1. By its C-alpha gyration tensor, with a ≥ b ≥ c as the square roots of the eigenvalues, how is segment 210-252 shaped: rounded for a/c under 1.5, else prolate for a/b larger than b/c, else oblate?
2. For segment 185-272, with every protein chain kept in place, what is the accessible area per residue (1.4 Å probe, Å²)?
3. May I ask you to compute the full-extension gain from S101 to I89, defined as 0.36 nm times their residue separation minus their alpha-carbon distance, rounded to one decimal in nm?
4. Could you compute the FRET efficiency for L156 and S108, with r as their C-beta to C-beta distance and R0 at 51 Å, rounded to 0.05?
5. Using a 1.4 Å probe over the heavy atoms of the protein chains, calculate the carbon and sulfur portion of the accessible area of segment 100-213 as a whole percent.
6. Would you calculate the separation in nanometres between label points at L214 and A202, each defined as 7 Å from the Cα along the Cα-to-beta-carbon direction?
7. Given a 1.4 angstrom probe, what's the average accessible area per residue across segment 133-178, in square angstrom?
Amino acid sequence: MCCIHYRHVGGQVSTWLDRAKEYNGGRYSESYVENTKALTRLLPLCILQVLYRICITQVASGYFIQSMNTNLSLNGVLLPIAVMKILSIIPILILAPCLESINSFLFSRRGYGLQPGTSIVCGHVGAAFSLFVAGIYEIHRKWFPLVEQTLSGKVLLVSSMSCLHLAPQYALLGVAEAMVAPACSFIIFRLAPIRIRSICMAVMTLFQAMGCFLGALLIRSVFIASEGDWYPTILSNGHLERFFFVLASAMLLNSLAFWRISHRYRDLDEHSDQGFRQSLLEENLLLHEKSLKFYDSVLDWPSPYTPMETRL
């Protein structure tokens, strides 16, 4: 009864956070609560980016190790391993303006463009397929005979398969990044209120950094748990493809989970501050503005020098 008396239970509320508002018996102002609601709406998006970021970090770990154990010689020129990173940057440079052109065309024709949630799901699936392709090429790489290759002054026995065979897995990760990164920024920009937009971007960056650290921790854990079999020092003596396949399967499940909640990020045209109550004066002003737009009229006061017949 005390809770009902102080309006902690009951009342016209849409979510449990609304009970924290001052006019519902809570202790917090309406702006604080609405900003918190916006941030909690974006948290699932941030959390599901952690595994995706783990997949992206494989370029600097698993993919580079795989490239180091292939033939980096191209027409007698020994390519540096970092050149392979360019293969994942090129799709970003090509797809970014193409997607922008497609969105502009769809906006001009239908009034709306590609859904950012759909773009993120496609990017996650692309990252999963990149890992699947990496696992397949790791199996394929072992079929080639070994050759000697000098890297950083050390002579290593590597597969005679050309490093260009690994281009598809790098390109797929580039495609995934071109579809996911802009869509996440767009969702945060449209859903986050202006007061906490920078905070929401910082939270997204924090979760992406968490994915990088968890990726390094995952690699170390897999190396210890498998005793160097799933993440071997010498790839010919281990099964790196198993690590890629397991991570790709987890990424597909992550894509399915985001697809299930993607409906939360469809109505981006709605005002982010729609939960705020309006005062009576604001409601009257909005009603007056709507009536002016409805009748398509403009107040035009006559000049004192206008003849009386024109005024009448």
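The values are calculated or read from the model by the stated rules, or taken from the named source; none is laboratory data. As the structure is a prediction and not an experimental result, all values here were calculated from the model. As a convention, Cβ positions derive from the backbone with ideal geometry for all residues, glycine included, and neighbour counts pool all protein chains shown. Surface accessibility is based on the protein's heavy atoms, side chains included, excluding ligands, DNA and RNA. Shrake-Rupley method; radii C 1.70, N 1.55, O 1.52, S 1.80 Å.
1. oblate
2. Per-residue accessible area for segment 185-272 comes out at 59 Å².
3. Length gained, S101 through I89: 2.4 nm.
4. Values: r = 55 Å, r/R0 = 1.08.
Between L156 and S108 the formula returns 0.40.
5. In segment 100-213, the share of accessible area belonging to carbon and sulfur is 70 percent.
6. Label-label distance for L214 and A202, simple model: 2.2 nm.
7. Per residue, segment 133-178 has an accessible area of 49 Å².
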